[in-house]
Amino acid sequence: MIIQKIFKIILLYLIIYSLISPTIISATDFTTTPDASSDTLYVIITIDTEGFYGKHPLKNMIWGEVDNSGMQYGIPMIMDICDKHGVKATFFVDVYEYRLQGEEKMRNVCKYIKDRGFDAQLHTHPAVRPDPVKRPKVTKGMYNYDPHCWNKERMRDYDLENQSAILEEGKELLMKWIGEEPVAHRAGGYAANYDTLQALKENSIFVDSSMFYLHPHCDLNYPVLTHNKVVKYQNVIEVPVSVFERIRYLEVGSLRIKVGEDISKVDIDWNSLDELKTSLEAFKQHKVRTVTLFLHSYTFVKWDSDFSQFSIDQEDIEKFDQILDEIEKNPRIRVITMKEFYDLYQKDPKIFEGSDYIPEITVYDSYWQVMRKAINAAPESIKADIFISTNLVIYGVCTYLVMFGIKRYRRKYRRGKKA
Ligand SMILES: [Zn+2]
């Protein structure tokens, strides 16, 4: 009887959950079929290089020094792993942080990138981003542009003239520090708009990589400039941040419940190794020509809620190593830097003529995986809150029923003994 009740409760839970989640369907597996074409997929590893948070942002989030071992888990380790696999990467450096870190220190970051044979390009966070703990607001004096507005954190917040001035300063800084002008740019938070492209053209920076389909900060979505395809807009070549659609299912036995979908970039931090591999395969199969493999300078480190404790993210270190291993083994994938992309494009833009396809990747999670993700997402997601609280109620009811059952059994047993 108790078992029947528990079964009923679980069934009720599944019915409630199916109402909350969009659909209950049996999903088809994402299968890849071999492609006869010999076209190459160009992977561009890009690392947004920046550090805003905590007491030692440069040390913790750019160099990645998080313990006393002398190891650097930031840009040096990213380069070590790239070198191990014989590839080079592009570091989009937020040069404007010299106001926070000091000019000498930011120059050293750029020099280090160049001296190790990697590609240093321009990343624009025109105002030093607010520190959620120490500096809740962007403060005046962190930046010089447009003094009438204090909270202009992103490129799209500035008019064309000011965006052009921001880019000009960044370009001059790179020239002064490493003797090279940037050929490529990525707006901080992907927050570019069509003025940004115009301002890039004015500054003779002809490659942009800020387009992030459906990202709330990216105004190149109005209208949508591109999804995954390289396009040219007023002489500026857009190499979009590569995206795929991720559809998640909760798998309980043969039942598959859709728990959500999102647009994900191809990012060591955002994706599992399986998602990285499957998406690369899908881009290749559907003739998308470039894929940006995304990292930050701080991808290999983790921190606590007030940025006081930093530690190593071993899982991401291994993931990066493993995906480069996969890439290295695949003769149809070639890794290039943004600088190499620009050279190749100037020689023959046809190389990069491909499709604009957005792959759909289906992910099946076990109950515990979904619960772990829900706990992580709980502070911001109402859906996750509902999922956790419904489960807590179920646990409570089940515990009560089990206790109740034990009590009854004991009573029966005692009565039986007495008789
Ligand atoms: Zn950034």
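Each value in this text was obtained by applying a stated rule to the coordinates, not by laboratory testing. Only a predicted model underlies this, so the values are computations on that prediction, with no experimental measurement involved. A quick note on method: Cβ atoms are made from the backbone with ideal geometry, for glycine too, and the neighbour counts reach across all protein chains shown.
A cut-off of 5 Å between modelled amide H atoms, ignoring neighbours fewer than 5 places along the same chain, links I312 with K302. Could you tell me which of the pairs K55/K383; K152/K287; K201/K347; K171/K373 are separated by over 31 angstrom between their Cα atoms in the structure shown? Flagged as over cut-off: K55/K383; K152/K287; K171/K373. Amide H to amide H, with H built 1.01 Å from N, T292 comes under 5 Å of I44, S242, counting only residues 5 or more places away or on other chains.
Round to the nearest 0.05 the FRET efficiency obtained for R334 and F404 when R0 = 60 Å and r is the Cβ-Cβ distance.
0.40
Peptides 347-357, 70-80 ordered by packing proxy, namely the average of other Cβ atoms within 10 Å per residue, highest first: 70-80, 347-357. The HN-Hα couplings worked out from phi for region 57-69 by the Karplus form 6.51 cos²θ - 1.76 cosθ + 1.60 (θ = phi - 60°) are x, 5, 5, 7, 9, 9, 7, x, 8, 10, 9, 9, 7 Hz, whole numbers, x standing for Gly and Pro. For A192, the residues 5 or more places off, or on other chains, whose built amide H falls under 5 Å of its own are D219, L220.
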